[in-house]
Every structure is written in structure tokens, then in C-alpha cells.
């Protein structure tokens, strides 16, 4: 009998510990937003995608985009093929040396595959990765002469640019939030934590009732996601990469002129 009680106690401790760890991963602290801070103009340029907008650019499986403000350029993800990334950057007249920061959503090859060769062109960047990234990637970044910053909770990265923090997947992933003049923008890599959950998280972090624009990979959600986006107050959408053709078509039908055809070569200005 004593052995049974001891066994049950051990199981209970393990279970509570597991739940506690999960809650820690999902713990969300609202972002502190300076309401007096001037919102910058943003230009978002898709430089890597398996969908194509500009026929002069190459496509391959993966995602990357460059976020430009008057103050800096940020590369969000690097696609899965460095030659395609660098080719497209050149075609879009973006010098790798002009990039100030690199943010990687998650560790999958189709989002980090171009990073090593990019760092050979420009190691004078800070690379923002989540704490769960393996040591092999961290070592690669430092070996190439760059520095990395680990992100766990939501935080401000620079003027008008925020990370959702690491959300559980698997794999763990961070998305970006842009605080623009027209409202909040959410950019996703693959949305492994769930695209609806990411948007809900962004709204809570920024204390917003609506979302101006959501773009990136939505990770093959059900078609019902279209209605959920409407319920969340999402005004414009640009699904690409791993979203799936059926869902993209459903978004296009529902959103009409507010559906943004997203893919390599797309340039989206928020002024």
C-alpha cells in the first residue's frame, strides 16, 4: 500500500512539473507600448517564397522578407536556398550589407537555410533566434562572426517592430508584429503554433481590437480559418508559403480587394 501511495505521489509530481513547464513556455506578458512613439513607415518586400509575384525572381520552398523603415532594414527568415535568396536580393536591389538585423522564426531549413551564406556577405548583424534553437545553429552564427540574441518572451526589437516571443509548436516559433500607421501587422514564418493563436496572441500583446494585415506561411489551416480571421478583425491577408492553395483561394474569394497576392517579388508599402 505504501509503495502504491509513493508511486502515485511520484507520478503527481512529474505531472505537475510538466504542467508548470508548459505554463512557463506559454506565459505571456503584455508588451509595454510607448503611445508617444512616432510610428514609422514600413515597406515589406518578399524576397523568398515558393509563390511568385515578380517573374524575374526565382522561387523555392521557404520564406523570407525584408522589412524596411527609414531607420533600418530587417531580414525576416532566409528561405531554404542561399543562392535563391542572394539572387533575389540582388534583383530587388537590396545589398546584403545594408541589412541591420536578421530575425529567424524557427529552426526549420526552409527558413534558416540561407543564413550561413548570407552571414558570409554580412556578419555585422544581430541575429534574433528563440531560446530553443540548437547549439549547432548558435555556433554557426558566431563562427561566421555575427552575434545572436535569444528570445523567449515577447519583446521590442526596434522601433515599431516586436516579437511575439517563443510560442510552442512543435517546433517553437516566433512571429513578428509591426506597429504601423494603419494598424497592427503580423508576419509569420510557418505558423506552427497555429495561425489563429498567433494572431490572438499578437492582439493581446498589443492590446488591439483589430489587425490591419497578416502575411506569411499559415501552415495548412482548415478553410474555417477564413471566418476566424473575420471574427478577429483582420482587414487584409497575404497567405503564402505553406498555407495551401485551397485556403489561399478561400481567402481570395472572401477578402476580394483586401486579399494581397503574396510571393517572391511582392512589395507592400504602409505609409
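For the reader, a short list of remarks on this structure follows.
- Qualifying residue in the stretch 56-63 (condition: surrounded by fewer than 16 Cβ atoms within 10 Å (Cβ to Cβ) and under 17 Å from the mean Cα position of the chain (by Cα)): no
- When residue 271 is tested against (1) under 21 Å from residue 74 (Cα atoms); (2) surrounded by fewer than 18 Cβ atoms within 10 Å (Cβ to Cβ); (3) in contact with a helix residue (DSSP H, G or I) (Cβ under 8 Å, 6 or more places away or on another chain), exactly one condition is not met: (3).
- Counted residues, the stretch 221-247 - those being buried (at least 19 other Cβ atoms within 10 Å of the Cβ) and either assigned to a helix (DSSP H, G or I) or at positive phi (or both): 5
- Among the criteria (1) within 19 Å of residue 80 (Cβ to Cβ); (2) without any contact (Cβ under 8 Å) to a residue 40 or more places away in the chain; (3) out of contact with any helix residue (DSSP H, G or I) (no Cβ under 9 Å at 6 or more places or on another chain), the one residue 245 does not fulfil is (1).
- Test: residue in the stretch 114-127 that is touching a residue at least 24 places away in the same chain (Cβ under 8 Å), under 14 Å from the mean Cα position of the chain (by Cα), part of a strand (DSSP E or B) and surrounded by 24 or more Cβ atoms within 10 Å (Cβ to Cβ): yes
- Which listed residue is surrounded by 10 or more Cβ atoms within 10 Å (Cβ to Cβ), under 20 Å from residue 154 (Cα atoms), in contact with a strand residue (DSSP E or B) (Cβ under 8 Å, 6 or more places away or on another chain) and modelled with pLDDT under 95, from 39, 27: 39
- Residue check for residue 223: under 21 Å from residue 76 (Cβ atoms), at pLDDT 95 or above and touching a helix residue (DSSP H, G or I) at 6+ places or on another chain (Cβ under 9 Å): no
- Selection within the stretch 90-113 - over 17 Å from the mean Cα position of the chain (by Cα) and part of a helix (DSSP H, G or I): 90, 91, 96, 97, 98
- Checking each residue of the stretch 200-207 against the condition of being under 12 Å from the mean Cα position of the chain (by Cα) and without any contact (Cβ under 8 Å) to a residue 40 or more places away in the chain gives at least one match.
- Residues of the stretch 94-108 classified as out of contact with any strand residue (DSSP E or B) (no Cβ under 7 Å at 6 or more places or on another chain), under 23 Å from residue 165 (Cα atoms) and without any contact (Cβ under 8 Å) to a residue 40 or more places away in the chain, total: 0
The values are calculated or read from the model by the stated rules, or taken from the named source; none is laboratory data. A quick note: this is a predicted structure, and the numbers were derived from the prediction, not measured. Virtual Cβ from ideal backbone geometry, glycine too; neighbours counted across all protein chains shown.
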